[in-house]
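All of the numbers you see were taken from the coordinates with simple rules; none came from a lab. Values in this document were obtained by computation on a predicted structure and should not be read as measured data. Counting neighbours? That spans all protein chains shown, and the Cβs are built from the backbone with ideal geometry, glycine included.
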Amino acid sequence: MTGRVARIAALYAAARERILVLDGSWGVMIQGKHLSEADFRGERFAGHDVPLKGDNDLLCLTRPDIVTDLHDAYFAAGADIAETNTFNATAISQSDYGLEAAAPDINTAAAALARESADRWTAKTPDKPRFVAGAIGPLSRTLSMSSDVNDPGARQVTFDAVYDAYRDQARALHLGGVDLFLVETIFDTLNAKAAIKAILDLEDEGLERLPMWISGTITDRSGRTLSGQTVEAFWHSIRHARPFAVGFNCALGADLMRPHVAELARIADTLVAAYPNAGLPNAFGEYDEEAHQTAARLEEWAQSGLVNILGGCCGTTPDHIAAIARAVAGKTPRIVPSRPPAMRLSGLEAFELA
């Protein structure tokens, strides 16, 4: 077997044996570095005419040492899977910084940095192989919602443009050496469907199919995504992709996310993953939930048989990931249910005809 084929086989084997652990927040860790505009610019973008501070993905090119250090910190904490630092690394999202043309290079560099770190940690602990998930974020544009309250049909972007941006990102991540794709923080299912198609269409270019993990976001107590879908409707919308895992991340802390994860665990005939925030942000936009508090809540999820993969989103640190890894060590992963055949459709609500 080739190296990647062997790693994917190891990923599936590990998921059968234990609850896997994803890394934590990148934003909070990078903010803690108190980087300057010069750190983001580096030599390559020293003369760029748009401010670049805050473009965290760009650090893969200008401060790769910081990215590598963060990968190492999360692997040291016990993470099995590292996300690439590419949440906003599409041409569409990078256009906010005037860096559309740099998007492929950012993704290729990010994948290589994560791959190198994962391989080093796998060599240290062969019984605990480490994997790389190519992070594909939700974009700064949406296909389902109007950009003008006076014109319901107004859109800032087309499906083709979103598809093209995602395909370029997915191709670069694939060529950079990721083991799976993580389409994450989905608030608009139509954006996600463009990403799914872009990933699947890479096979037309002769690239091997990689596992896909799809992670949505329930934005508030309504139990719906921002584009209006219930948990079950969301699953029906993306099940055709036959994802390696499906789940939720961001927006909520573990206490508020639990019922939605439980519902997904009931209906999804694949692995279920979740990585909540460290509670809800305080008045200053900071996260106060401590590592042991997050870990205790996720330990209960594991004991209740709800999950196969756990990790952390906004506000979580290597300390949170270490506490989560300890809390779920030895816990039995969720058993994937077998659901009877039925016609299952979705709009904002789910429809099932047995």
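Each residue of region 136-151 was assigned a 3J(HN,Hα) from its phi angle through the Karplus curve 6.51 cos²θ - 1.76 cosθ + 1.60 (θ = phi - 60°); the sequence is 10, x, x, 6, 9, 10, 10, 8, 8, 10, 5, 8, 9, 4, 8, 9 Hz, with glycine and proline shown as x. Trypsin sites (Lys or Arg not before Pro), restricted to region 1-79: which are DSSP loop and have at most 15 other Cβ atoms within 10 Å? Answer in residue order: Lys33, Arg44, Lys53.
Given region 206-287, what percent of its DSSP beta bridges are antiparallel, to the nearest 5?
On the way: 2 of 12 bridges.
In region 206-287, approximately 15 percent of DSSP beta bridges are antiparallel ones.
Kirkwood radius for region 3-353, taken over all pairs of different Cα atoms as the inverse mean of 1/r, rounds to 20.3 Å.
Under 5 Å between amide hydrogens, built in the peptide plane, is the criterion, and for Val246 it picks out Ile214, Leu271, Val272, Ala273 among residues at least 5 positions away or on other chains. The lysines within cross-link reach of Lys331, meaning a Cα-to-Cα straight distance under 26 Å and a gap of 8 or more places when in the same chain, are Lys124, Lys128. The amide H of Leu180, built 1.01 Å from its N in the peptide plane, has Val132, Gly134 as neighbours under 5 Å, considering only residues 5 or more places off or on other chains.
Annotation for region 252-347: GluC sites (Glu not before Pro) lying in DSSP loop with at most 16 further Cβ atoms inside 10 Å of their Cβ are Glu286, Glu290. Computed from label points 7 Å out along Cα-Cβ, the spacing between Arg120 and Asp164 is 3.8 nm.
Name the GluC sites (Glu not before Pro) in region 186-229 that are in a loop by DSSP and that have at most 16 other C-beta atoms within 10 Å, would you? Answer in residue order: Glu208. The lysines whose alpha-carbon is closer than 20 Å to the alpha-carbon of Lys33, local same-chain residues fewer than 8 away aside, are Lys53.
Build a GNM of the chain with springs between Cα atoms under 10 Å apart, and of Ala114, Ala89, Ala154 the one that fluctuates most is Ala154.
With a simple spin-label model that places each label point 7 Å from the Cα along the Cα-to-Cβ direction, the separation between Asp204 and Gln31 comes to 4.0 nm. Taking the Cβ-Cβ separation of Arg221 and Ala283 as r and a Förster radius of 25 Å, what is the calculated FRET efficiency to the nearest 0.05? Once rounded, the FRET efficiency stands at 0.80.
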